[in-house]
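Asks: Dropping the structure in here first, questions after.
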Amino acid sequence: MRSIGVAVLLWSALGAVSLADNLDKHGVFTPKKIALGSVPSMDGQSYSGGFTLSAGEPLATLDYDYEVAGLPYFVASSVSNGPVEIEVKYAEQFPALSLNYSDGPSQFTTSIANSRRVETHRFTGDEIGATVTSMLSQPGQRWQSLRLLTGDSITFQTVGLQASVEVIDDLTNLPGKFSSSNAKYDEIWTLGVRAVTAACLDAGSQVPSWSSSEENGTFVPGTRPGISYRTWNLTDYVLNFESQIIRGGAGYTIAYDLTGNRDGVQIHLASEYPNDTTFSNINTTLFPANTVTLAYGYDFANATSMTSYILGQYDVPFNVKENVWYPVEIRVNSTAGNIVFSIDGQQVFDIILTEMGFTDEQLSFYGYASRGEGAIGFGGWQDQASYVRNVTATSLSDSSEVLYSNPMTDESVVVPEFGGQSNAYGVCLDGAKRDRYIWLGDFYHTTRIMGVANSKPEQIAGTWEFLFEYQADYGQFPGFAPISYQSP
């Protein structure tokens, strides 16, 4: 068992490693404008560094002027009546800053980027002058807000993003040029260049967030689950593993269609929410303390054109402690659509998916409807973190038949298997915010502007390298391909 202090140190160390990895490569993004008040505002003044959040002006709106991406960092110079908690939102479009989840969650990310667009940070006197980083990088954004949740006030010396894409403030420095007699055409070209430079990444720029050790297995931050490609065809099985919550809760995915990147059954275990680790903005409606929440779809909240369904909430018959290992068992009868969840030897639910009050059309996606068959994965909700270790799957009918096994202690094995490794090649994605996948159709039109913009042939060639690795024997390319998995 690890203490909270060690867990927090690990959390900070992960951010520090990520920060260092890209510092020399790309530099940092800093806001261009700031607006202080009580609600998000586009009416910002020039950003010069330090600013204070207080009861009179509890919210700062930061405008980066164009699409940026990277690992968020914060340096506080003073804290009054701490601990001070700050809720941070990220968004491509300004109106999203007023939404509960901003413009998230994003369901085509992997664990190398944060699918959540809202996160919380806690500052005490110990953090003054230190660089505090997030656990996960944020994909494309222009806007950012910081809202004071607790404490009297906090003064920030600086905030920004450790860039995971190229920093280009002055487009005249690019190899590609465009100038016409029509100012509107020039602006359209500028938008295209910004889109390409934010959506096309250099090799190694997307850094892992998972880490493994002999003692604690694998550290899993609170983002969209990392899915094991080795379990793509699991059916009629008993899944066993050990889970330890560091903060808030832990997420487990089963029945995921990895080949089609579709749906799945989501299971969330909530802790008892102890005061010393629980943030004041925790969503106890979605995840009450000491409960297991069951959902079908990509997540527990809807994303654009992707509906998720909460199937049920179930009380755990004891208080779920943080920093304590619990054995978890999930029995899956894919033939009957039956799922049984137990923790520490005590059954929490026994359900049949087709009897949960939803239609077959609702519990399907583009014609696919899993009843338990498919891949497994691990993740978590906003601000959460956990450990997982000793994962095994055995046949439902024969417990001696081992279908899958991974102690989760070897990072060189775990990270590539669960889609969390750094991108081996330069690559162009569908867009800066939503995806960490290559979409072939979008790549066709992306290449048309690269030659008259950033002119990085290694990003075009790298995209094809990824696609070649997933090309079928008979020649067909996939419609989309991930950038963070071990090559098939």
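Asks: Which ones in region 156-177 are modelled with pLDDT of 95 or more, surrounded by 16 or more Cβ atoms within 10 Å (Cβ to Cβ) and of a type outside the set (G, A, S)?
Replies: F156, T158, V159, L161, Q162
Asks: Here's something else I'd like to know. Being within 27 Å of S205 (Cα to Cα) and surrounded by fewer than 21 Cβ atoms within 10 Å (Cβ to Cβ) is the filter here; which residues of region 88-106 pass it? Full working, then the answer.
Replies: To start, the set of residues in region 88-106 that are within 27 Å of S205 (Cα to Cα) comprises 88-94, 96-97, 101-106.
If the condition is that a residue be within 27 Å of S205 (Cα to Cα) and surrounded by fewer than 21 Cβ atoms within 10 Å (Cβ to Cβ), then E92, Q93, F94, A96, Y101 are the ones that fit.
Asks: Here's something else I'd like to know. Being of a type in the set (V, I, T), at pLDDT 95 or above, assigned by TED's automatic domain parsing to the domain that holds T285 and within 30 Å of T392 (Cα to Cα) is the requirement here; does T253 meet it? So that I can check it myself, show each step before the final result.
Replies: Details: of a type in the set (V, I, T): yes; at pLDDT 95 or above: yes; assigned by TED's automatic domain parsing to the domain that holds T285: yes; within 30 Å of T392 (Cα to Cα): yes.
Criteria met by T253.
Asks: Also, quick follow-up: Being assigned by TED's automatic domain parsing to the domain that holds T30 and either touching a Gly at 6+ places or on another chain (Cβ under 6 Å) or at pLDDT 95 or above (or both) is true for just one of T133, T109. Which residue is that? Please lay out each step first, then the result.
Replies: Working: T109 fails: either touching a Gly at 6+ places or on another chain (Cβ under 6 Å) or at pLDDT 95 or above (or both).
Going through T133, T109 in turn, the sole match is T133.
Asks: Moving on. Among what's in region 255-285 and is part of a loop (DSSP other than H, G, I, E, B) and among the small types (G, A, S), pick the residue that is surrounded by the fewest Cβ atoms within 10 Å (Cβ to Cβ). Full working, then the answer.
Replies: In the first step, residues of region 255-285 are kept if they are part of a loop (DSSP other than H, G, I, E, B); the result is 258-261, 263-264, 271-285.
In the following step, the residues that additionally are among the small types (G, A, S) were identified as 260, 264, 271, 280.
Details: G260: 14, G264: 26, S271: 26, S280: 11.
Among residues in region 255-285 that are part of a loop (DSSP other than H, G, I, E, B) and among the small types (G, A, S), the one surrounded by the fewest Cβ atoms within 10 Å (Cβ to Cβ) is S280.
Asks: Here are some conditions: (1) free of Cβ contacts under 8 Å to residues at least 24 places away in the same chain; (2) part of a loop (DSSP other than H, G, I, E, B); (3) not hydrophobic (A, V, I, L, M, F, W, C). D126 meets all but one. Which one does it not meet?
Replies: (2)
Asks: Related question: Please pick out the residue among L62, L36, L97, L71 that is within 23 Å of L171 (Cβ to Cβ) and either hydrophobic (A, V, I, L, M, F, W, C) or assigned to a loop (DSSP other than H, G, I, E, B) (or both). Before the answer, list the steps.
Replies: Details: L36 fails: within 23 Å of L171 (Cβ to Cβ); L97 fails: within 23 Å of L171 (Cβ to Cβ); L71 fails: within 23 Å of L171 (Cβ to Cβ).
After applying the criteria, what remains is L62.
Asks: What number of residues in region 391-406 are surrounded by fewer than 16 Cβ atoms within 10 Å (Cβ to Cβ) and out of contact with any Leu (no Cβ under 9 Å at 6 or more places or on another chain)? Spell out the reasoning first.
Replies: Kept after step one, since they are surrounded by fewer than 16 Cβ atoms within 10 Å (Cβ to Cβ), are these residues of region 391-406: 392, 395, 397-402, 405.
Subset that is out of contact with any Leu (no Cβ under 9 Å at 6 or more places or on another chain): 397-402, 405.
Matching residues across region 391-406 total 7.
Asks: Does any residue of region 408-421 turn out to be small (G, A, S) and in contact with a helix residue (DSSP H, G or I) (Cβ under 9 Å, 6 or more places away or on another chain)? Quick ask: steps written out before the conclusion?
Replies: Looking only at region 408-421, we keep the residues that are small (G, A, S), and these are 412, 419-420.
Next cut, in contact with a helix residue (DSSP H, G or I) (Cβ under 9 Å, 6 or more places away or on another chain) only: 419-420.
Yes, region 408-421 contains at least one residue that is small (G, A, S) and in contact with a helix residue (DSSP H, G or I) (Cβ under 9 Å, 6 or more places away or on another chain).
Asks: Go over the candidates P288, P327 one by one and state the one that is part of a strand (DSSP E or B) and under 22 Å from V220 (Cβ atoms). Step through it out loud before you land on a result.
Replies: Values: P288 fails: part of a strand (DSSP E or B).
Checking each option against the conditions leaves just P327.
Asks: Moving to a separate point now. Would you be able to say whether some residue in region 348-371 is basic (K, R) and surrounded by 17 or more Cβ atoms within 10 Å (Cβ to Cβ)? Can you show your working first?
Replies: So the first thing to find is which residues in region 348-371 are basic (K, R), and the list is 371.
So of that shortlist, the ones also surrounded by 17 or more Cβ atoms within 10 Å (Cβ to Cβ) come out as 371.
Yes: region 348-371 contains one or more residues that are basic (K, R) and surrounded by 17 or more Cβ atoms within 10 Å (Cβ to Cβ).
Asks: Sticking with this one: Under 8 Å by Cβ, and 6 or more places apart or on different chains, what pairs join a residue from region 386-411 that is outside the structural domain of L269 (by TED's automatic domain parsing) and touching a residue at least 40 places away in the same chain (Cβ under 8 Å) with one that is of a type in the set (D, E) and surrounded by 16 or more Cβ atoms within 10 Å (Cβ to Cβ)?
Replies: Once the first residue is outside the structural domain of L269 (by TED's automatic domain parsing) and touching a residue at least 40 places away in the same chain (Cβ under 8 Å) and sits in region 386-411, no partner that is of a type in the set (D, E) and surrounded by 16 or more Cβ atoms within 10 Å (Cβ to Cβ) comes close enough.
Asks: Inside region 129-173, can you point out the residues that are assigned to a strand (DSSP E or B) and farther than 30 Å from C428 by Cα?
Replies: T131, L146, R147, L148, S153, I154, T155, F156, Q157, T158, listed by residue number.
Asks: Within region 312-364, which residues are among the β-branched types (V, I, T), under 15 Å from G264 (Cα atoms) and modelled with pLDDT under 95? Let's see the steps before the verdict.
Replies: Our first condition is that a residue be among the β-branched types (V, I, T); within region 312-364, this holds for 316, 320, 324, 328, 330, 332, 335, 339-340, 343, 348, 351-352, 354, 359.
Checking the rest, the ones that are also under 15 Å from G264 (Cα atoms) come to 330, 332, 339, 352, 354.
The answer is T354, and nothing else.
Asks: Pairs only if they're at least six apart or on different chains, beta carbon under 9 angstrom, first in region 202-217 and within 30 Å of I460 (Cα to Cα) and touching a residue at least 12 places away in the same chain (Cβ under 8 Å), second basic (K, R) and outside any loop (DSSP other than H, G, I, E, B); list them, first residue then second.
Replies: Going by the 9 Å Cβ cut-off, the qualifying pairs are D202/K25; G204/K25; S205/K25.
Asks: I need the full set of residues from region 287-300 which are in contact (Cβ under 8 Å) with a residue 40 or more places away in the chain and surrounded by fewer than 19 Cβ atoms within 10 Å (Cβ to Cβ), in order please.
Replies: First, the residues of region 287-300 that are in contact (Cβ under 8 Å) with a residue 40 or more places away in the chain: 287, 292, 294, 296-300.
Of everything in region 287-300, nothing turns out to be in contact (Cβ under 8 Å) with a residue 40 or more places away in the chain and surrounded by fewer than 19 Cβ atoms within 10 Å (Cβ to Cβ).
Asks: Of the conditions (1) surrounded by fewer than 24 Cβ atoms within 10 Å (Cβ to Cβ); (2) in a loop (DSSP other than H, G, I, E, B), V193 clears all except one; give me its number.
Replies: (2)
Asks: Separate question: Could you check how many residues of region 429-482 are surrounded by fewer than 21 Cβ atoms within 10 Å (Cβ to Cβ), more than 26 Å from the chain's Cα centre (by Cα), closer than 23 Å to A69 by Cα and of a type in the set (A, V, I, L, M, F, W, C)?
Replies: 4
Asks: May I pose another question? Suppose the filter is free of Cβ contacts under 8 Å to residues at least 12 places away in the same chain, more than 21 Å from S111 (Cβ to Cβ) and outside the structural domain of F480 (by TED's automatic domain parsing); does N275 pass it? I'd like the intermediate steps shown before the answer.
Replies: On the way: free of Cβ contacts under 8 Å to residues at least 12 places away in the same chain: yes; more than 21 Å from S111 (Cβ to Cβ): yes; outside the structural domain of F480 (by TED's automatic domain parsing): yes.
Spelling it out, N275 is indeed free of Cβ contacts under 8 Å to residues at least 12 places away in the same chain, more than 21 Å from S111 (Cβ to Cβ) and outside the structural domain of F480 (by TED's automatic domain parsing).
Asks: State all residues of region 463-478 that are at pLDDT below 85 and within 14 Å of R436 (Cα to Cα); if no residue qualifies, say none.
Replies: Correct list: empty.
Asks: Based on this model, can you work out whether T335 counts as within 22 Å of the chain's Cα centre (by Cα), of a type outside the set (F, W, Y), in a loop (DSSP other than H, G, I, E, B) and surrounded by fewer than 17 Cβ atoms within 10 Å (Cβ to Cβ)? Give the steps one after another, and end with the answer.
Replies: Working: within 22 Å of the chain's Cα centre (by Cα): no; of a type outside the set (F, W, Y): yes; in a loop (DSSP other than H, G, I, E, B): yes; surrounded by fewer than 17 Cβ atoms within 10 Å (Cβ to Cβ): yes.
Judged against the criteria, T335 is not a match.
The values are calculated or read from the model by the stated rules, or taken from the named source; none is laboratory data. The model shown is predicted, which means the values in this text are computed figures rather than measured ones. When we count neighbours, we look across all protein chains shown, and the Cβ atoms used for this are built from the backbone with ideal geometry, even at glycine.
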